[in-house]
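Shown next, in structure tokens, is the structure this report addresses.
The values are calculated or read from the model by the stated rules, or taken from the named source; none is laboratory data. Computed from a predicted structure; not experimentally measured. Here the Cβ positions follow ideal geometry from the backbone for every residue, glycine too, while neighbour counts run over all protein chains shown.
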Amino acid sequence: MLALRRYLRQAVFPLRACMEKEIHVGIFDGFGKKKEEKPKADFSNVQSGSSTTSAAPPAAAPVPNPGPTAGTTGSEQSYVVVAGDSLSKIAKRFYGDANKWPRIHEANRDQIKNPDLIHPGQKLRIPGA
Amino acid sequence: MMMRHSRKIQLSLCLALLLAAAACRGNVANNTAGTAGVRVTDVTLGRSVGGDKAITDRTDTFKPSDTIYASVATEGSAPSATLRAKWSFEDGQLVDESTRTIAPNNRERTEFHISKPDGWPAGKYKVEVFLNDQSADTKSFDVRGS
């Protein structure tokens, strides 16, 4: 009898407590307490770059870096456009000279038809300086 | 009769061995061609790199204000190879993706770095490195609030 009581205390009661807890949580949630959702992180202003000990590949290699940048180190960065950006602003930021915006335009011909119109979230290739 | 039978077995065994050897040779040849002689040997993370593009301050736990560097070691030679670093956040969001075309000659190192002017959100991140569009290595890291 004593053993049975001990068994109940050790095995069944904790189980029941656990179940009650679960039911309680379920009801609590069921009454519409909103689960707190983490707001989505914003990575639109991330800046990136790269460099290497390796030589740049020969000119024939598929580097999307045509026009005036030929003969540079071949380094290329990417940039995600944010609200208020323009090609000249981005050129100023990366090259220190707003007049170099055509270099960015050339490298992104596939996605920039009108150089006066770029959109937040667009990911641009920034050819090496 | 017995002799004839055992000779047949020997012959088929030899044939099987020859076929297996030929198949192995084919595999080796294919592997060499597939990697084009270049492979990623190591990817390390840290807060800064030296002139040799190796990490000087190695860590996998960063502060929100840190610039995060991934140094990719390659071995082998090729006229051209493409390295890509794909950085992503714990919820799967793409943080950044950068590509670099190199002309590796024996042992080289290439570093990729990312920074965020207003600070990294705390959480778990990973960077996956691709060599010629094939996944070569993945490293995970944490950003913890200051």
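Laid out as a table, the results:
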read-out: Failed item, numbered, when B:THR44 is tested on (1) within 23 Å of A:TYR79 (Cβ to Cβ); (2) part of a strand (DSSP E or B); value: (1)
read-out: Leading residue by the ranking (surrounded by the most Cβ atoms within 10 Å (Cβ to Cβ)) among those in the stretch B:84-109 that are within 8 Å of chain A (Cβ to nearest Cβ) and more than 22 Å from A:TYR79 (Cβ to Cβ); value: B:PRO104
read-out: Number of the condition not met by A:ALA107 [criteria: (1) within 30 Å of B:PRO79 (Cβ to Cβ); (2) more than 14 Å from chain B (Cβ to nearest Cβ); (3) modelled with pLDDT of 65 or more]; value: (2)
read-out: Residue list for the stretch B:43-76, restricted to those being crowded, with 16+ Cβ neighbours inside 10 Å and under 18 Å from B:PRO104 (Cα atoms); value: B:VAL43, B:LYS53, B:ALA54, B:ALA70, B:SER71, B:VAL72, B:ALA73, B:THR74, B:GLY76
read-out: Pairs with Cβ under 6 Å, 6+ apart, first in the stretch B:111-122 and at the interface with another protein chain (Cβ under 7 Å from one of its Cβ atoms), second of a type in the set (Val, Ile, Thr); value: B:GLU111/B:VAL49; B:HIS113/B:THR67; B:ILE114/A:VAL46; B:ILE114/B:ILE68; B:SER115/B:THR67; B:LYS116/A:VAL46
